[in-house]
Amino acid sequence: MSCIEQKKYKILLEKTTFKESREYIEKSSEEVYYVPPGYKIFNDYYVIGIPPIALGARDNALFFTYTKPCHGTFVLTIDDEESKKEIERLREMGKGKTTASSKKSKPLESSNKPTTSYQDIWKNKI
Amino acid sequence: MIDAKVLLMMGCPEVPIQTSIALYLSHKLTNLGLDVTVAGTDAATKLLKVSDSDGYYAKKLVDLDKTLEDIIEKRNDFDICFAFMHNDAGMTYAATMGAISQAKLYSIVFGRHAETLAETIEFDCEKIVATAVHNPVQLKNKLDRVVEEIVK
């Protein structure tokens, strides 16, 4: 799954939780698509995570999560011909799409969070 | 259940008890007749290889990401999975396993913040929780009871 490390990517968010990464993608993308764990992008990278997994698109840039066991979850973006193709593939599937305008009314997931924030504890540890 | 294929899925080996519990559980389940595979990150498998250089306790040692890839591509699967986790990334891997595999999933939650981490688990699994970092005995005892139920 480390083929992603060979590509030209930018790190948008690093060493955080999966939930926070999902929320970041939902807030920062023009289009959001939800895929199941194991969805393959860039020919050989399997996106893993806690369902639903968000993939975001802004112009030709694809936003996605990347989890490393010892370092947490990262949000990466790739903007090239391959990402353009991946976004087109997601658009064709069209499932679970939200647009920038529909996201405005979407409530945040904070209502389900436990009273003690594990995210804060974990972040402080790093 | 004796013929079952079991996967022990190790995460980041930063918390010491993971290695000892993985070796213990692998050996115990193997002795009970189960087919045990231990998957881990590069560092986690190296720790196991050095601790168990003859492969006496862990017979099958494989790469974690390759194992998930094989399950996603339906080249392999398991009946039971024990997923070790002491951080959010470990939980992310376990949730993935819960979604891609037909295995009965046991989440082994440990480390200083085990209780808090366990509360955030939203996927279907049986939780085995111990706030333990260096002393594996509490977790070992809990796992003994779980294994007893599995082989009943």
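Let me check I've understood the local charge: for B:Ser107, count other residues with C-beta under 15 angstrom from its C-beta, Lys and Arg +1, Asp and Glu -1. What total comes out? Write out the running numbers ahead of the final one.
Details: positive: B:Lys104, B:Lys127, B:Lys142; negative: B:Asp88, B:Glu115, B:Glu119, B:Glu122, B:Asp124, B:Glu126.
For residues surrounding B:Ser107, the net value is -3.
On a 21 Å Cα-Cα criterion, which of the cross-link pairs B:Lys28/B:Lys74; B:Lys74/B:Lys104; A:Lys27/B:Lys127; A:Lys68/B:Lys28; A:Lys15/A:Lys85 come out too long?
Details: B:Lys28/B:Lys74 28 Å; B:Lys74/B:Lys104 17 Å; A:Lys27/B:Lys127 32 Å; A:Lys68/B:Lys28 29 Å; A:Lys15/A:Lys85 28 Å.
Result: B:Lys28/B:Lys74; A:Lys27/B:Lys127; A:Lys68/B:Lys28; A:Lys15/A:Lys85 exceed 21 Å.
Can you give me the P(r) profile for chain B? Cα pairs, bins 10 angstrom wide beginning at 0, each as a whole percent.
11, 46, 38, 4
Sorted by packing (mean other beta-carbon atoms within 10 Å per residue), highest first, where do A:73-86, B:98-111 land?
Details: A:73-86: 18.3, B:98-111: 22.2.
Order by mean packing, descending: B:98-111, A:73-86.
Name the helices (complete DSSP H segments) of chain B with a Cα length along the long axis of 20 Å or more and a Kyte-Doolittle mean of at least -0.5, or state none. Mind dumping the intermediate values first?
On the way: long enough: B:17-31 (21 Å, 0.25); B:137-151 (21 Å, -0.06).
Flagged H segments are B:17-31, B:137-151.
For region A:2-101, what's the radius of gyration and Dmax over Cα atoms, in angstrom?
12.1, 36
Would you tell me the mean number of C-beta atoms belonging to other protein chains that fall within 10 Å of each C-beta in B:66-78, as a whole number?
2
In whole Hz, with x marking every Gly and Pro, tabulate ³J(HN,Hα) for region A:10-27 from phi via Karplus 6.51 cos²θ - 1.76 cosθ + 1.60, θ = phi - 60°.
Result, ordered by residue: 10, 8, 9, 8, 9, 6, 10, 8, 5, 4, 5, 5, 4, 4, 4, 4, 4, 7 Hz.
For chain B, what does the relative contact order come out to in percent, with C-alpha contacts under 8 Å and a separation of six or more?
Taking the mean separation of contacting Cα pairs over the length of chain B, I get 24 percent.
Here, each number is a calculation from the coordinates, and none is a lab measurement. Keep in mind it's a predicted model, so treat the numbers as computed, not measured. Neighbour counts run over all protein chains shown; Cβ positions are idealised from the backbone, glycine included.
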